[in-house]
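Here is the structure we will look at.
Coordinate-derived values only; no laboratory data. These figures come from a predicted structure and were not determined experimentally. FYI the Cβ positions are ideal-geometry reconstructions off the backbone, even for glycines, and counts take in every protein chain you see.
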Amino acid sequence: MADKTIVILGGGVGGLVTANELRRHSSREHRVVLVDKDGRHVFWPSLLWLQVGLREPQSFVRDLGVLEKKGIEVLKGEVEAIDPERKSVRVDGTEIGADYLVLSPGAELAPEQIPGLAEAGHNLYSLEGATAIRDQRKGLTEGDLVVLVARTPFKCPAAPYEAAMLLEYDLRKRKVRDRVQVSIYTPEPGPMPVAGPDVLAGVRQLVEARKIAYRPQHQVTEVDPATKTLRFANGETAHFDFLVYVPPHVAPSVVREARLVGESGWVPVDRHSMETRFPGVYAIGDVTGIPLALGLPLPKAGVFAHHEGEAVAQTIAARLSGRGKAGAFDGQGECFIEVGDGKAGFGRGNFYAEPRPTVKLYNPGRHWHAGKVLFERDWLRRWF
Ligand SMILES: Cc1cc2nc3c(=O)[nH]c(=O)nc-3n(C[C@H](O)[C@H](O)[C@H](O)COP(=O)(O)OP(=O)(O)OC[C@H]3O[C@@H](n4cnc5c(N)ncnc54)[C@H](O)[C@@H]3O)c2cc1C
C-alpha cells in the first residue's frame, strides 16, 4: 500500500496535531499535505494575555512552513472547494486529490451578523482585536467596560469569563477599578452550562467575587456605535464605553458549500472515529457538531480538536500500514481558567459521560496559572 496522499485542511490546533502525528507514525512514501490560507499557526489562548499586555503576538504565532523539515508538505493557499465524494480539494485554482481527507478549518467568525457590532467594539477572538484592546484599554479610566458574547455556540466556553477577569485585574493594577464598572452579557443561562450546575455556579462565583456584573440570558440583537448602546432580544438595553466581544461563529463557507453541514449548521461525524458520512473523509475540531446526551453539543475547544486529531492520525496510520488499532476520541477534556492576580482555576472531565458530562472544577491557584504558561511553551516546542 504505497504512495498514498493525506490532505489536511487547516493548520490550526486539529490540523497541526494530525499532520505531526501522521508524519511520525506513517512511512515517508506517503505524502502528508497541510493546507492553510494564512500559512501560520496561532496559539489562540495567548490572546487573553495579549489583550492586557502580557504577550506579544510574535511569541505565540508560528510559520507553518517550518514543518517542511519534518517531511510535511505545507501549502499556503485557500481551499476554495471540497469534493468529499472524490476526496479532493481545490486550492487557489488547482485540484488536489487525496486518499484521506481531514477537515479542520475551524469556525468562521461573523461579527457582521449583529448590526453595529464590528464598528462598536473589539473582537477578542482575532489577533487584530486583541491587539486593539491592549492598545486602547488605557484610554478607559472611568465608565462601563462590557464583555459581550454575541451568540452561542462559541469556541472556548471559558474565554469571555477569563477575558473579563483579566481585564478586571488590569483595571486594579492601573488603579482605576473603582471608577470602571465591568459587566458580562451573554445569551447563555450561565457559564459553561454543558459542564453541569457545579461548574456553572463555580465560575459564576469566581466572576461575581470580583464584582463583575453577570447578565446571562441576554441575546444581543443590535449595537449602536453612536450612542454606545447594546440592544437585547428581551427588550433591555445597556451602555458601554469600551466593548470587548466574542463574535457569532458559523461553519466556514467552503464546508457549507460542500454540503457537509447538518441541521445544527456544523459537520456531523461519528463521535469516536470523527469520520463524516463520506468514507475516508474526517472532520475534527470547531467545525464539527457533536450532540451530547443532555441535549447540548460538545463545546468547541482546542483540547478536543487536539485529541480528535490524534485519534484520526492513529486511524489513518493504521489503515496505511495495515497494522495497529484505529484511534477513538473518548470525550475527555480539560482547561485552565485564568482569573487574574497570576492565578488560574482548572476544569477536567469526561464530556461523553451519560446522562451528562462529569466535570470537576479545581479552585484557582498560582500553580494552575504556571501550568497554563508551561502548556503554551510546550505546545510551541512540541509541534514545531
Ligand atoms: C481567545 C481564545 C482562547 C482560547 N483558549 C482555549 C483554551 O484555553 N483551551 C482550549 O481548549 N481552547 C481554547 N480556545 C479554542 C481553540 O483555539 C479552538 O477550539 C481551536 O483552535 C480549534 O481548532 P481547529 O483546528 O478546529 O480550528 P483553528 O485552530 O481555528 O484552525 C483552523 C485553520 O484553518 C485555516 N482555514 C480555514 N479555512 C480555510 C480554507 N478555506 N483554506 C485554507 N485554510 C483554511 C485557518 O487559517 C486556520 O489556521 C481558545 C480560543 C480563543 C479565540
Q: Looking at the chain, send over the antiparallel percent of its DSSP beta bridges, to the nearest 5.
A: 50 percent
Q. Mind ordering 9-15, 61-67 by average Cβ neighbours within 10 Å, highest first?
A. 9-15, 61-67
Q: Would you work out if the stretch 320-371 is rounded, prolate or oblate? Take a ≥ b ≥ c from the square roots of the eigenvalues of the alpha-carbon gyration tensor; rounded if a/c is under 1.5, else prolate when a/b is larger than b/c, oblate otherwise.
A: oblate
Q) In whole Å, what is the distance between the alpha-carbon centres of the stretch 318-377 and the stretch 181-239? A) 25 Å
Q) What ranking of 379, 266 emerges when the number of other C-beta atoms within 10 Å of each C-beta is taken as an exposure proxy, fewest first? A) 379, 266
Q. Got a sec to turn the phi values of the stretch 71-83 into Karplus ³J(HN,Hα) couplings, 6.51 cos²θ - 1.76 cosθ + 1.60 with θ = phi - 60°, whole Hz, x for Gly and Pro?
A. x, 9, 7, 10, 10, 8, x, 8, 6, 9, 8, 10, 10
Q.
For a quick check: with amide H placed at 1.01 Å from N, whose amide H comes under 5 Å from residue 282's, ignoring anything fewer than 5 positions away on the same chain?
A. 101, 102, 103, 276
**Q.** Gyration tensor verdict on the stretch 257-319 (Cα atoms; rounded if a/c is under 1.5, prolate if a/b is larger than b/c, oblate otherwise)
**A.** oblate
**Q.** Most positive-pole-ward Cα, 351, 317, 337, against dipole of the stretch 303-361 from beta carbon charges
**A.** 317
Q | Helical mean residue ellipticity (222 nm; -39500 (n - 2.57) per DSSP H run of 4+; nearest 500) of the chain | A | -8000 deg cm²/dmol
Q) Got a sec? How would 239, 307 order by Cβ neighbour count within 10 Å, fewest to most? A) 239, 307
(Q) Is the C-alpha gyration tensor of the stretch 155-292 telling us rounded, prolate or oblate? Criteria: a/c under 1.5 is rounded; beyond that, a/b larger than b/c is prolate, otherwise oblate. (A) prolate
Q: Please state the charge dipole magnitude for the stretch 145-267, taken about the Cα centre, from unit charges on C-beta atoms (+1 on K and R, -1 on D and E), reported in debye and rounded to the nearest 20.
A: 420 debye
Q) Taking every DSSP beta bridge that has both residues in the stretch 67-190, what percent is antiparallel when rounded to the nearest 5? A) 55 percent
(Q) Using a Förster radius of 22 Å, what is the FRET efficiency between residue 110 and residue 263 based on their Cβ-Cβ separation? Nearest 0.05, please. (A) 0.75
(Q) Please give the charge dipole size of the chain, origin at the Cα centre, charges +1 on K and R Cβ atoms and -1 on D and E Cβ atoms. Round to the nearest 20 debye. (A) 1200 debye
Q | Bins of 5 Å from zero: percent of alpha-carbon pairs in the stretch 18-83 | A | 4, 15, 20, 17, 17, 14, 8, 4, 1, 0
Q: Excluding residues fewer than 8 places away in the same chain, name every one of the lysines whose C-alpha is closer than 21 Å to that of residue 228.
A: 138
Q) For the cross-link pairs 4/76; 211/300; 70/360, which exceed 26 Å when the distance is taken from alpha carbon to alpha carbon? A) 211/300; 70/360
Q | Cα-centred dipole magnitude for the stretch 344-384, charges only on beta-carbon of K, R (+1) and D, E (-1), debye, nearest 20 | A | 120 debye
Q: Would you mind giving the average projected area, over all directions, of the Cα convex hull of the stretch 267-384 in nm² with one decimal?
A: 8.8 nm²
Q | Mean Cβ neighbour count within 10 Å, used as a protection proxy, ranking 215-221, 124-130 highest first | A | 124-130, 215-221
Q. Once label points are set 7 Å from the Cα along Cα→Cβ at both residue 275 and residue 142, what is their separation, rounded to one decimal in nm?
A. 6.5 nm
Q. Please state the Cα pair-distance histogram of the stretch 107-154 with 10 angstrom bins from zero: what percent is in each bin?
A. 22, 55, 22, 2
Q.
What does DSSP give for the stretch 135-228 in terms of the percent of beta bridges that are antiparallel, rounded to the nearest 5?
A. 0 percent
Q. Do you know the relative contact order of the chain, to the nearest whole percent, from alpha carbon pairs under 8 angstrom that are 6+ apart?
A. 18 percent
Q) Beyond 42 Å, what share of the Cα-Cα pairs of the chain remains, rounded to the nearest whole percent? A) 11 percent
